[in-house]
Amino acid sequence: MADPMRIRAQAAGSKINVRVLMSHEMESGQRKDVNGAPIPAWHIQEVSATHNGAEVLSAEWGPGVSKNPYLQFTVKNGKAGDKISVTWKDNKGESRTDEATVS
Amino acid sequence: MQTRREVLKRSGIVAGLLLGAGLLPGAAQAYSKNAFEAKSMEDVFKALGLPMPVESAEVMLTAPDIAENGAVVPMTMASSLSGVTKMLLLVEKNPSPLIAQFMVNAAVDIQYQTRAKMGESCDVYAVAVMAYGKTMFARKEVKVTLGGCGG
């Protein structure tokens, strides 16, 4: 099981600023190991986020996103105490969901 | 003997199941594998079925002028346009230029920040895909001191 994400969701006026740090290798598939054999790609493909259960973000990522990906976005209407949940799914079918409370 | 009503009801159930399983085309957003594997900007837009973008001042891209470490280059793309359905992030000279695509949702500002790998110094593009099919871009040149794609 992958390590948990770090999600920081902060209310700023009527908006919520969400910052997510995911823990993932994001192997590009371009690199070779010490024997010259290519290392297969292993990266997050799909990212989605919900605000109090309603989907607010959906994205597709390729191997070009950096290792341990960072994502920041702003929810237009929200307040402290709301729930932000983020899910990712990688190309090996593994996935992880974490939830944070807006502060 | 099956009545027409029964048949319709059954096909409705089957369609519902297919929808649930994401098997019906267009029902669920399938991962755009071809676009992410495309080797050039032209091929990315071809794979997505989009026209080549035109430059627009209403699409914004923030990235450093010089990136010391090509493995982690922070990039923010934003747009003040209305009617944007998707935002794409591309690094021109990467082995596969398409980095990410975000489906724009009305509940979230059109502003996304992430970090991308860059193999060498080149232009970075933020592209807004409009509801009526047009695409617009913002471009920024980023110089990379140490590439992030090799071993």
With the alpha-carbon atoms as the only input, what is the per residue convex hull volume for the protein assembly as shown in Å³?
176
Given 5 Å bins starting at zero, what is the percent of C-alpha pairs of the range B:52-116 in each, up to the one with the largest pair distance?
4, 14, 27, 26, 17, 9, 3, 0
What Rg and what Dmax come out for the range B:39-151 when only alpha-carbon atoms are used, in angstroms?
13.5, 42
Per residue solvent-accessible surface (Å²) - the protein assembly as shown, probe of 1.4 Å:
51
Accessible area lost on pairing B with A, both sides, 1.4 Å probe, Å² to nearest 100?
2600
Just checking the output field for B:87-98: average partner chain Cβ neighbours within 10 Å of each residue's Cβ?
3
Contact-by-burial set, the range A:57-74, min loss 40 Å², accessible area of protein heavy atoms with 1.4 Å probe, reference chain alone, gives A:SER58, A:GLU60, A:TRP61, A:GLY64, A:VAL65, A:SER66, A:TYR70, A:GLN72, A:THR74
Largest-first ranking of B:ILE66, B:ILE99 by accessible area, probe 1.4 Å, whole protein assembly kept, is B:ILE66, B:ILE99
For chain A, count all C-alpha to C-alpha pairs, find those more than 16 Å apart, and express that count as a whole percent of the total.
57
Relative to the Cα centre, what is the charge dipole magnitude of the protein assembly as shown, using +1 at the beta carbon of each Lys and Arg, -1 at the beta carbon of each Asp and Glu, and rounding to the nearest 20 debye?
680
Tally Lys and Arg at +1 and Asp and Glu at -1 over the other residues with C-beta under 9 Å from the C-beta of B:VAL72: what net charge comes out?
+3
Considering only A:GLY93, A:ALA37, A:ASN52, whose Cα is most displaced toward the positive end of the charge dipole of the range A:6-101, charges sitting on Cβ of Lys, Arg (+1) and Asp, Glu (-1)?
A:ASN52
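The values are calculated or read from the model by the stated rules, or taken from the named source; none is laboratory data. Everything quoted here is computed from the prediction, not taken from an experiment. For neighbour counting, all protein chains shown are included, and Cβ atoms are generated from backbone atoms with ideal geometry for every residue, glycine included. Side chains included, ligands, DNA and RNA excluded: accessible areas come from the protein's heavy atoms. Shrake-Rupley method; radii C 1.70, N 1.55, O 1.52, S 1.80 Å.
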